[in-house]
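Report on the following structure.
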Amino acid sequence: MRQSQLFTKTRREAPKEEVSTNAKLLIRAGYINKEMAGVYSFLPLGLRVRDKIAGIIREEMNSVGGVELEMTALQNQELYEKTGRWSDDVVDNWFKTKLKSGTELGLGFTHEEMITEMLKNHISSYKDLPVYAYQIQTKFRNEERAKSGLMRGREFLMKDLYSFNDNQESLDDFYDQMKGAYERIFERVGLGDLTYITYASGGTFSKYSHEYQTLSEAGEDTIYVSEEKKLAINKEVLTEETLSELGVKKEDLVEKKAIEVGNIFKLGTKFSSALGLIYTDEQGEKQPVVMGSYGIGLGRLMGTVAEVLSDDKGLIWPKSIAPFTLHIVSLGIKDSEAYKVAEELYKHCGEKGLEVFFDDRDIAAGEKFADADLLGMPYRVVVSDKTLKEGKFELKERKSGEVKMVNLSELLAIVK
């Protein structure tokens, strides 16, 4: 992409009403646009990042046998009344609306009820199990506070997978597979070293659920980290019993602030029993399907990367989710030798399969460098009269700040 083609503009100053680092940087860099509190549009560069996160998640969900579908946002009141989750006293962040006939509907904050009801048409025997179905779909939550940028949204994209097994042992086995898939996702988006599987309340479903928490002072959760065991305990379940079960001592734990970037639950038969999702086992007996639920918010994950991997100059995207790998900056005016060489490099890198962003704008060098740091592509290459005299390119790695003078073959080898 040529930078001159982008309709978005960078900003020198952050919006005054934003308090979170991720929102300030993503808005300044032109990745997102704030429509209202907790509601953001994804602009061209931001959409590329989010789509890459979605691609990683899809690969990992497919690797454990997940099959993708897409359900509707509009929710049936009757289903939620059967499970006891329609009342605002039980679920306090519903968005609800009405048909012209007066029938009340909900805007989906999650989809356990809908997919359980749907699978009654497809599951009747143990031979139909297991099923691992997921979607990447917009959710709506009427959050009372929406002040953390992409990390607490009222409208957001979420991956939610629902597992359907014939018994607890089978669910436990898949649950462990999902732990591995989640660890790989967070590693691939650049958060692996900062993210801990965290024991949390299982609510009415099970003794524990598991959250994935990324260390950050911007986080809203307090967790207690065991570096030795690479796990953490949420403050809400920090009891002697929990410590004993996990084999850790409180004095060995370190209190940290963290951002929840994913969660997984064993649901048991709560929804299948309430909604009648029953199968016939090998002995001919009727049994409720055993379920699990597994969620990741894509915007929240993107916001967390922006929050914890940035610096005072701007964003620092990992290669895996950067909108472009290489940012070519031409310091020559159009028709100059430097501009022509930069354009040739742009075309050549594209032919070699690299994702390239070309700053072909006729503006001052300092402004181009500031924009490159703010936008946060993994590599920046400068083409100028000075570099041409040396017969090389000036290559800078955004993360380390290291600058090298390289020829074309060295450039391609490093960036690839």
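Out of 71, 61, report the one residue that is in contact (Cβ under 8 Å) with a residue 60 or more places away in the chain, surrounded by 13 or more Cβ atoms within 10 Å (Cβ to Cβ) and assigned to a loop (DSSP other than H, G, I, E, B).
Among 71, 61, only 71 is in contact (Cβ under 8 Å) with a residue 60 or more places away in the chain, surrounded by 13 or more Cβ atoms within 10 Å (Cβ to Cβ) and assigned to a loop (DSSP other than H, G, I, E, B).
Being in the same structural domain as residue 200 (by TED's automatic domain parsing), within 32 Å of the chain's Cα centre (by Cα) and part of a helix (DSSP H, G or I) is a property that holds for residue 302.
If you filter region 344-373 down to residues that are touching a residue at least 40 places away in the same chain (Cβ under 8 Å) and acidic (Asp, Glu), you find that the one that is surrounded by the most Cβ atoms within 10 Å (Cβ to Cβ) is 359. Only one entry of 161, 150 meets the criterion of being surrounded by 21 or more Cβ atoms within 10 Å (Cβ to Cβ) and under 24 Å from residue 69 (Cβ atoms), and that entry is 161. Only one entry of 115, 27, 32, 53 meets the criterion of being among the β-branched types (Val, Ile, Thr) and farther than 28 Å from residue 313 by Cβ, and that entry is 115.
Taking the numbered list (1) modelled with pLDDT under 95; (2) assigned to a strand (DSSP E or B) in turn, residue 236 passes all entries but (2). Which members of region 151-200 meet the condition of being in contact with a helix residue (DSSP H, G or I) (Cβ under 7 Å, 6 or more places away or on another chain), farther than 25 Å from residue 118 by Cβ and of a type in the set (Ser, Thr, Tyr)? If the condition is that a residue be in contact with a helix residue (DSSP H, G or I) (Cβ under 7 Å, 6 or more places away or on another chain), farther than 25 Å from residue 118 by Cβ and of a type in the set (Ser, Thr, Tyr), then 195, 199 are the ones that fit. Being at pLDDT below 95 and either more than 30 Å from residue 52 (Cα to Cα) or in contact with a Pro (Cβ under 9 Å, 6 or more places away or on another chain) (or both) holds for only one residue in 334, 286, and it is 334. State yes or no: is residue 280 closer than 24 Å to residue 158 by Cα and among the β-branched types (Val, Ile, Thr)? Spelling it out, it is not the case that residue 280 is closer than 24 Å to residue 158 by Cα and among the β-branched types (Val, Ile, Thr). I'm trying to understand the selection: among the residues of region 313-334, which are outside any loop (DSSP other than H, G, I, E, B) and farther than 19 Å from residue 415 by Cβ? If the condition is that a residue be outside any loop (DSSP other than H, G, I, E, B) and farther than 19 Å from residue 415 by Cβ, then 314 is the only one that fits. Put simply, of 108, 84 the only residue that is closer than 22 Å to residue 143 by Cβ and more than 25 Å from the chain's Cα centre (by Cα) is 84. Being in contact with a strand residue (DSSP E or B) (Cβ under 8 Å, 6 or more places away or on another chain) and of a type in the set (Asp, Glu) is the filter here; which residues of region 83-111 pass it? 104, the sole residue that qualifies. For region 198-220, the tally of residues that are without any contact (Cβ under 8 Å) to a residue 40 or more places away in the chain and surrounded by 19 or more Cβ atoms within 10 Å (Cβ to Cβ) stands at 1.
Does any residue of region 93-112 turn out to be buried (at least 21 other Cβ atoms within 10 Å of the Cβ), modelled with pLDDT of 95 or more and part of a helix (DSSP H, G or I)? Yes: one or more hits.
Residue-wise test of (1) farther than 28 Å from residue 144 by Cα; (2) touching a strand residue (DSSP E or B) at 6+ places or on another chain (Cβ under 6 Å).
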position	(1), (2)
19	no, no
36	no, no
40	no, yes
44	yes, no
54	no, yes
60	yes, no
65	yes, yes
80	no, no
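The values are calculated or read from the model by the stated rules, or taken from the named source; none is laboratory data. Keep in mind that what you see is a predicted model, and the values were worked out from it rather than measured. Positions of Cβ are backbone-derived with ideal geometry, glycine not excepted, and every protein chain shown enters the neighbour counts.
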